[in-house]
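Heads up, the thing below is written out as structure tokens.
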């Protein structure tokens with residue numbers, strides 16, 4: 001093999017908004033395999049908001065990255081060399097190989113991807129981490145009942161789009177919040193939400209009030225910041241919040257001060273913050289549901305595919321500022 | 001009877017900090033009883049932080065007060081006239097009669113108080129609303145396990161003091177937060193908390209860090225504001241917060257901006273906001289526990305008794321600024 005491994009490492013901790021200069025491309029020889037290992041050539045890399053807080057040198061749910069480390073991330077790829085007969089060449093696998101073109105895996109550390117369930121990239125989105133995140137947050141934590149009003153922020157995004165469609169399948173009134181008319185149109189017309197409000201609109205709060213006449217029983221929160229506070233001003237008694245993300249604040253050095261503590265208390269709200277990596281046992285059943293909904297045409301998704309690993313920093317920065325439209329992927333090979 | 005009823009009404013909605021001028025004393029004839037009613041002469045009125053947000057004209061869990069309405073509140077008193085044979089004269093009852101010297105009750109709307117369980121005033125505190133609040137928040141919501149670290153804010157207060165003692169009974173390390181050395185000494189020496197940190201101390205955050213070497217698994221929150229944020233900076237993975245009160249903000253026109261959303265998310269915290277009035281079915285079993293702990297000497301409480309109904313506004317304002325020391329009561333007769 002004359003191929004080499006291309007990696008993108010974090011060069012330094014970002015100061016506020018992440019910059020292209022915070023990353024560095026590194027090339028290395030392909031690793032030599034030991035018994036039981038397989039070499040994967042990455043086809044798609046998933047870019048997700050959670051990667052941003054990992055770049056900050058603060059206590060978190062994982063060790064923060066240190067300069068020189070490969071950026072983390074979910075990937076799907078093909079086994080191109082193997083010293084494990086159960087992972088033969090040509091096997092399609094999903095594995096957390098990070099921002100690189102190749103990686104070494106062992107059987108216990110990969111999911112074998114069934115190509116019958118959907119295109120390989122779906123294993124990173126609707127049938128993978130973001131789909132399972134939406135499923136868990138909505139059905140295991142927020143548990144909306146038929147007729148309740150559910151608000152989903154970042155509604156056209158990888159998690160929000162699935163979360164809202166799942167709530168529709170429960171018989172809820174589902175209101176999305178997204179940035180711009182094009183995304184809102186997609187959320188209503190393609191994904192079937194009952195309403196979608198553009199948080200950039202001058203009359204956003206009035207539009208939100210009009211879309212939630214019976215207040216908000218469930219909030220699936222991906223964004224945080226003032227948009228979250230606006231939803232809190234519409235919150236119903238005994239509401240549940242699945243706190244999944246806080247993307248509006250990840251690049252802020254002085255975080256937004258949340259105003260809604262009074263609303264949480266007065267309306268006896270329960271807030272469930274969660275990270276799907278904590279719930280490995282939940283994945284198979286959720287993935288089976290998602291695959292079935294996809295087959296039945298009840299689950300739609302959209303991908304925003306950036307081309308080439310070297311474009312990953314740019315695509316990542318674009319996603320963090322809402323420039324993507326659908327699940328952000330990088331086609332690596 | 002030549003007695004008259006004395007009431008204290010809300011004269012106007014407060015603007016920020018509540019003022020004595022926001023209240024007015026009103027006198028009226030004693031009501032005439034109908035069949036099935038009893039007249040209660042109030043002995044003790046309970047003053048509690050929840051009354052303050054009710055004075056604001058905003059959507060809440062109850063209808064906000066309107067000017068001229070009697071201030072609400074729990075009371076304990078004695079039946080002095082009765083047209084219900086099952087509530088004979090001399091019966092000791094607890095009822096939500098508000099800030100007044102007398103009130104009319106029916107059997108379904110009172111709890112008959114067993115004088116064997118403790119002094120009458122305890123029916124408003126350790127054996128009443130604040131005790132049951134502590135029991136529910138700690139044991140039904142936060143559910144600390146032996147060995148976990150539990151932080152309780154307003155630790156010398158009516159709810160906090162009981163909440164912390166309950167956590168001690170579960171085998172937890174319990175750290176109080178209170179205002180001033182005298183309260184902290186009481187919390188440690190009398191109530192048996194493992195530590196108590198004075199939030200007014202210049203090195204409060206360092207003291208809190210030293211008192212929570214294994215981080216904070218459970219927060220029983222009565223205060224909110226920057227003290228809550230300081231605890232969030234020490235929060236452990238999968239922590240639970242019983243969000244019971246937000247007293248530091250009730251008189252603020254511009255609420256403090258909560259900084260801890262990132263910590264909630266990164267540490268996958270669950271926040272349970274609650275109001276004990278929602279959980280009427282929970283009371284009897286909780287009161288039985290509390291009465292037993294009291295009998296066994298495992299539960300201590302302290303009362304701060306103000307004298308005379310006309311002093312209630314002053315005592316209320318004092319309590320809202322932390323000037324009380326223990327459960328705030330007003331001796332009415």
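Where a number appears in this text, it was derived from the coordinates with a stated rule and is not lab data. Predicted model, so just to flag it, every value in this text is computed and none were measured. In this analysis, Cβ positions are derived from the backbone assuming ideal geometry, glycine residues included, and neighbour counts consider all displayed protein chains.
General observations
- Footprinting exposure proxy for A:110, B:112, B:197 (fewest neighbouring C-beta atoms within 10 Å first): B:112, A:110, B:197
- Using the Cβ-Cβ distance between residue B:189 and residue B:298 with R0 = 22 Å, the FRET efficiency computed as 1/(1 + (r/R0)^6) comes to roughly 0.90.
- Rounded to the nearest 10 degrees, the inclination of helix A:158-169 to the longest alpha-carbon principal axis of chain A is 50 degrees.
- For residue A:206, label point 7 Å along C-beta direction: distances to other copies, nm: 5.4
- Among beta bridges from DSSP that stay inside chain A, the antiparallel ones total about 55%.
- Sequence of B:283, A:99 once ranked by neighbouring C-beta atoms within 10 Å, starting from the fewest: B:283, A:99
- Working from Cα pairs under 8 Å separated by at least six residues, relative contact order for chain A is 17 percent.
- FRET efficiency for residue A:181 and residue A:331, using Cβ-Cβ distance with R0 set to 35 Å, rounded to 0.05: 0.80
- Based on C-alpha pairs under 8 angstrom that are at least 6 apart in sequence, the stretch A:27-141 has a relative contact order of 27 percent.
- Residue order, fewest to most surrounding Cβ atoms within 10 angstrom, among B:216, B:174: B:216, B:174
- Alpha-carbon centroids, the stretch A:1-51 and the stretch B:29-86: separation in whole Å: 67
- Separation of alpha-carbon centers, the stretch B:269-333 and the stretch B:90-113, rounded to whole Å: 17
- Over the protein assembly as shown, volume per residue of the alpha carbon convex hull, in Å³: 170
- The Kirkwood hydrodynamic radius of chain B, based on inverse pair distances between different Cα atoms, is 20.5 Å.
- Expressed as a fraction of 2.2 N^0.38 Å, the C-alpha radius of gyration for the stretch B:207-305 is 1.29.
- Between the stretch A:176-207 and the stretch B:192-258, the C-alpha centres lie 37 angstrom from each other.
- Restricting attention to the protein assembly as shown, close to 55% of DSSP beta bridges with both partner residues there are antiparallel.
- Tensor-based shape of the stretch B:129-277 (alpha-carbon gyration tensor, a/c under 1.5 rounded, otherwise prolate or oblate): rounded
- For chain A, the longest principal axis of the Cα atoms and the long axis of helix A:283-295 meet at an angle of about 80 degrees.
- Mean separation of Cα contacts under 8 Å (6+ apart) over length of the stretch A:129-277, as relative contact order %: 22
- For the stretch A:129-277, share of DSSP beta bridges that run antiparallel, in % to the nearest 5: 0
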